[in-house]
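Visitor: One structure coming up, written as structure tokens, with questions to follow.
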Amino acid sequence: LHSTSRRQRQMCIRDSNKDAFNTMTISWGEMGTLWNKPVMTCFVRPQRYTKEFIDSNDQMTLSFFNGEHMIDLTILGRESGRDGDKIAKTDLTPTFIENLPTFEEADIVVVGKKLYEDTIKPECFLDETLVDKNYPNKDFHTMYICEVEKIYMK
């Protein structure tokens, strides 16, 4: 998920109990191989509204955009879907692939199926300075490891 290019990442997930979805801009994560499967790993803080959607679903999408959508992704990263329709404040167009949310403007969409989740534990840090630096409020991320099921490219 780390890229030296100007490509930005957006995670979307649909509420399995409603015809609704939420999205958030992410920067912590990676793609690779684990357990002999192609995987994507992402990290979400407990207070994020999107976490509720992730926890109630088996799948999610990760959408990649070029740099021209930076303002839109900043809005989606700073505002909460809990407080209103943040997507309406952007120039992005929601769409669905296999009943999973994404945006028409995305260059790449990765569909992932959750395999594993765990909360980052402060006692597991070998460099304890990272705890105070990254978690002053003790709001430790949940790590989600998802099998990459499909990748769609424009």
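The values are calculated or read from the model by the stated rules, or taken from the named source; none is laboratory data. If you're wondering where the values come from, they're calculated on a predicted model, not measured in any experiment. For neighbour counting, all protein chains shown are included, and Cβ atoms are generated from backbone atoms with ideal geometry for every residue, glycine included. Surface accessibility is based on the protein's heavy atoms, side chains included, excluding ligands, DNA and RNA. Shrake-Rupley method; radii C 1.70, N 1.55, O 1.52, S 1.80 Å.
Visitor: With respect to LYS121, is the statement that it is among the charged types (D, E, K, R) and under 16 Å from the mean Cα position of the chain (by Cα) true?
Guide: no
Visitor: For PHE140, only one of the following conditions fails: (1) part of a strand (DSSP E or B); (2) within 17 Å of TRP28 (Cα to Cα); (3) at pLDDT 95 or above. What is its number?
Guide: Every listed condition holds for PHE140 apart from (1).
Visitor: Does THR129 satisfy being more than 15 Å from PHE64 (Cβ to Cβ), polar (S, T, N, Q) and exposed (fewer than 11 other Cβ atoms within 10 Å of the Cβ)?
Guide: yes
Visitor: Right, something else. I need the full set of residues from the range 105-126 which are open to solvent by 50 Å² or more (accessible area, probe 1.4 Å), assigned to a strand (DSSP E or B) and not hydroxyl-bearing (Ser, Thr, Tyr), in order please.
Guide: LYS113, LEU115, GLU117, ASP118
Visitor: Would you mind stating whether GLU98 is charged (D, E, K, R) and modelled with pLDDT of 95 or more?
Guide: no
Visitor: From THR142, THR102, grab the single residue that is within 21 Å of ALA20 (Cα to Cα), surrounded by 17 or more Cβ atoms within 10 Å (Cβ to Cβ), of a type in the set (S, T, N, Q) and touching a strand residue (DSSP E or B) at 6+ places or on another chain (Cβ under 7 Å).
Guide: When all the criteria are applied, what remains is THR102.
Visitor: Shifting gears a bit: Within the range 56-77, track down each residue that is without any contact (Cβ under 8 Å) to a residue 40 or more places away in the chain and exposed (fewer than 12 other Cβ atoms within 10 Å of the Cβ).
Guide: Once the filter is applied, which keeps residues that are without any contact (Cβ under 8 Å) to a residue 40 or more places away in the chain and exposed (fewer than 12 other Cβ atoms within 10 Å of the Cβ), the range 56-77 yields GLU68, ILE71.
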